[in-house]
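In what follows, a structure is listed as structure tokens, so that the remarks can point back to it.
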Amino acid sequence: MKRYGVIMAGGSGTRFWPLSREARPKQFLDLCGTDKMINLTIDRLQGVVEPENIFVVTNEKQADALLQITEGRVSTEHVLREPAARNTAACIGYAAVELLHKYGDGVMCVLASDHYIKDEDAYRKVLEQAISLAETTDRLITIGIKATFPSTGYGYIKSHPAENETYRIVDEFVEKPQAEVAKMYVESGEYVWNSGMFVWKASTILEKFRQLLPDIYEYMMKIQAAMQTPEEEQVIKELYPQIPKISIDYGIMERTEGVLMVEGDFGWNDIGSWDALPGVREADENGNILHGDHVIINSENCICYTNDKLIAAVGVKDLVIVESDGAILVCAKECSQETKFVVQKLTELGKEKYL
């Protein structure tokens, strides 16, 4: 059966402002110090999905830049352009319809464009297991990550083992919990982190849309009817912004019985905000993560990131200091998740040049 890599790359990464902007979102950044996040995501599929079967769904305003950044890794016709952001259900439904109508049914490996994977060989083995399950069971498959600490920034999955099988059966999905609850989850051994990686047949997920999200399914059928006609682009531009906003988790995963889970332990990190960088980049002897030109004196556990200007820090601890494109961010590391509120405030103030 055909295998497809479907990479979701439409987000803006507001928690990485000011480095991340509307025209240069998180997935276009080199946060790990090795390559752009989108390129790392594509390259680690090598040996699992053929390069010609990799698709990327992105915002139409970012599509041309994405094609330049990925340097020939994805063909132009495999970049699906969303005229409006409608959350992950629409993104995945659009990809499923595109694959079924133009290329034929196959297993979709649905992946985020901006995750870090330390052990790529172990990652590929887990992906192969999930693909095999999708081919033989017609189930929805998710990948859970062994929880190594009680994170309040991740969702969790509770599951139980399937008899005489290596996979597990999902009991429930849980949104980001409070610290005490997260600690209980990890200690129980019954919960893993929700990676947001999914594997299923295109036909299987589209049937779930028909059953559980009929309003979105109707839009997808109208888009499908226009595919490979002169009206395709115009129909997508007209209909897509009308699609209800809902995540695949809320719309389908949490409402489906018998979801299967393959557990992975391959050094996963979704790099959700600035304070996640210590998990993917080496620190100096004082615990500082440094990028660009800097002078750091008597300072500990700071993140200093600059592209153009010098950053000097003296006698500070646990700060995030970032300079990029005429803007400077200074915040406590423990507040780095709140950087998204800066973007909201800039929007309210009409300071578009900083977005």
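Rule-based calculations on the coordinates, nothing more; no lab input. Since this is a predicted model, take the numbers as computed values, not measurements. A quick note on method: Cβ atoms are made from the backbone with ideal geometry, for glycine too, and the neighbour counts reach across all protein chains shown.
In order along region 331-347, phi translates into HN-Hα couplings of 8, 5, 4, 5, 9, 5, 5, 8, 4, 4, 6, 5, 4, 4, 5, 4, 5 Hz, rounded to whole numbers, per the Karplus curve 6.51 cos²θ - 1.76 cosθ + 1.60 with θ = phi - 60° and x for Gly and Pro.
Of the beta bridges in region 2-269, as assigned by DSSP with both residues counted there, near 55 percent are antiparallel.
Counting Lys and Arg as +1 and Asp and Glu as -1, what is the net charge of the other residues whose Cβ lies under 12 Å from the Cβ of LYS309?
-4
Within the listed set LEU310, LEU66, LEU277, the Gaussian network model of the chain (springs between alpha-carbon atoms below 10 Å) gives the highest mean-square fluctuation for LEU310. Build a GNM of the chain with springs between Cα atoms under 10 Å apart, and of VAL170, VAL342, VAL322 the one that fluctuates most is VAL342. Fewest neighbouring Cβ atoms within 10 Å first, the residues ASP275, ASP284 line up as ASP284, ASP275. Counting 0.36 nm for each residue step from PHE341 to GLU120 and taking away their Cα separation leaves a gain of 76.2 nm.
Considering helices alone, the calculated mean residue ellipticity of the chain at 222 nm is -8500 deg cm²/dmol, with DSSP H runs of length four and up weighted by -39500 (n - 2.57) and normalised per residue. Roughly what would the spin-label model give for ARG255 and LEU349, points 7 Å off Cα along C-beta, in nm? Taking the simple label geometry, ARG255 and LEU349 are separated by 4.1 nm. Antiparallel beta bridges, as assigned by DSSP with both residues in region 207-346, represent about 35 percent of the total such bridges. Its Cα gyration tensor gives region 262-309 an equivalent ellipsoid. The semi-axes, each the square root of 5 times an eigenvalue, are 26, 12, 8 Å from largest down.
Normalised by 2.2 N^0.38 Å, with N the number of residues, the alpha-carbon radius of gyration of region 274-354 equals 1.13.
The alpha carbon centroids of region 91-106 and region 148-180 are separated by 29 Å. Put a dot 7 Å past the Cα of ASP215, heading toward its Cβ, do the same for THR148, and the two dots end up 4.1 nm apart.
Counted over region 274-354, the DSSP beta bridges are approximately 35% antiparallel.
Of the trypsin sites (Lys or Arg not before Pro) found in region 87-186, those in coil by DSSP whose Cβ has at most 14 other Cβ atoms within 10 Å are LYS118, LYS146.
The Cα center of region 298-336 and the Cα center of region 48-77 differ in position by 33 Å. Considering only MET108, MET37, MET221, the mean-square fluctuation computed in a Gaussian network model of the chain, springs between alpha carbons under 10 angstrom, is largest for MET221. Fully extending the segment from VAL295 to LYS317 would add 6.5 nm, taking 0.36 nm per residue of separation and subtracting the current Cα-Cα distance.
Here MET184, MET197 are placed in order of increasing Cβ neighbour count within 10 Å, fewest first, which gives MET184, MET197. For the chain, relative contact order (Cα pairs under 8 Å, six or more residues apart, normalised by length) works out to 20 percent. In this label model, LYS61 and GLU238 are separated by 2.4 nm, measuring between points 7 Å along each Cα→Cβ vector. The HN-Hα couplings worked out from phi for region 123-138 by the Karplus form 6.51 cos²θ - 1.76 cosθ + 1.60 (θ = phi - 60°) are 4, 5, 5, 5, 5, 4, 5, 5, 5, 4, 5, 4, 5, 9, 10, 6 Hz, whole numbers, x standing for Gly and Pro.
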